[in-house]
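Data block below; observations after.
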Amino acid sequence: MPLKELDCSNCGTKVRKRISEESINITNNPKVIRDVIEGKINYSTCPYCKEKINHKTHVLLTYLDPPRWIWIVDKKHQNPGYQEEFFKTIIPESFEGLIEQEMVFVEFGEPCNCLQFVLDEKQPQTCEEWLGLGKLLTGKKAIECYKNALKIDEKIPEAKKLMHQEMDKLKSYS
Ligand SMILES: [Zn+2]
């Protein structure tokens with residue numbers, strides 16, 4: 001594993017860490033799935049000020065059969081433009097269509113129960129669950145979740161607001 005120097009964004013302390021560059025295969029790996037949901041991956045704590053330091057902007061989790069790639073990305077990149085550009089550059093053209101790719105946006109170091117709807121492929125049941133899943137996604141997939149939340153309860157202002165925000169982001173990108 002390559003040694004990488006990380007800077008604490010709060011106090012500037014440099015931390016050297018061995019960081020895996022590879023993707024994590026999560027097929028039959030419930031421990032890793034649990035760690036991801038509990039927010040235990042991809043960060044260290046600054047030894048001086050205790051601020052969280054992300055190791056990488058994203059982590060790739062993979063299922064082997066059928067091939068499915070799930071990119072867990074730092075929330076600061078959550079917009080449809082980032083996702084589309086990323087997918088364009090990351091996958092060789094010959095693979096296009098063969099691998100199902102998804103992107104979810106998280107705050108590394110924070111637990112996120114709604115990730116179970118992506119990693120365990122549980123279907124959200126309630127309005128709040130659809131809303132929670134939508135907040136992890138961007139673009140059409142996020143809009144789809146907010147619509148599903150509104151199908152259950154058409155009066156949630158938060159779902160409407162987020163849906164329109166996401167539609168605006170999509171418009172300004174394309
Ligand atoms: Zn620090």
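See the values below:
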read-out: Residues of type aspartates and glutamates that Lys4 reaches as a straight line, Cα spacing below 19 Å, ignoring anything fewer than 8 places off in the same chain; value: Glu21, Glu22, Glu51, Asp74
read-out: Hits among aspartates and glutamates - C-alpha to C-alpha of Lys147 under 16 Å, sequence gap 8 or more where chains match; value: Glu128, Glu129, Glu158, Glu166, Asp168
read-out: Cβ-defined net charge surrounding Glu21, 13 Å radius [Lys, Arg +1; Asp, Glu -1]; value: +3
read-out: Chain lengthening between Lys14 and Lys76 when straightened (0.36 nm per residue, less Cα-Cα); value: 20.1 nm
read-out: Charge context of Asp168, other residues only, Cβ under 15 angstrom, K/R +1, D/E -1; value: +4
read-out: Column: log10 I(q)/I(0), Debye, Cα scatterers of region 123-174, q = 0.14, 0.18, 0.22, 0.29 Å⁻¹; value: -0.29, -0.47, -0.67, -1.07
read-out: Rg over Rh [alpha-carbon atoms, Kirkwood Rh] for region 17-135; value: 0.97
read-out: At 1.306 mPa s and 10 °C, Stokes diffusion of region 68-174 via Kirkwood alpha-carbon radius, µm² per second; value: 110 µm²/s
read-out: Restraint check, Lys17/Lys140; Lys56/Lys122; Lys50/Lys75; Lys40/Lys88, Cα-Cα greater than 25 Å; value: Lys17/Lys140; Lys56/Lys122; Lys40/Lys88
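Read the figures in this text as sums done on the coordinates, not as results from a lab. Treat the numbers as computed from the prediction; the structure is a model and nothing was measured. Positions of Cβ are generated from backbone atoms using ideal geometry, with glycine treated the same way; all protein chains shown enter the neighbour counts.
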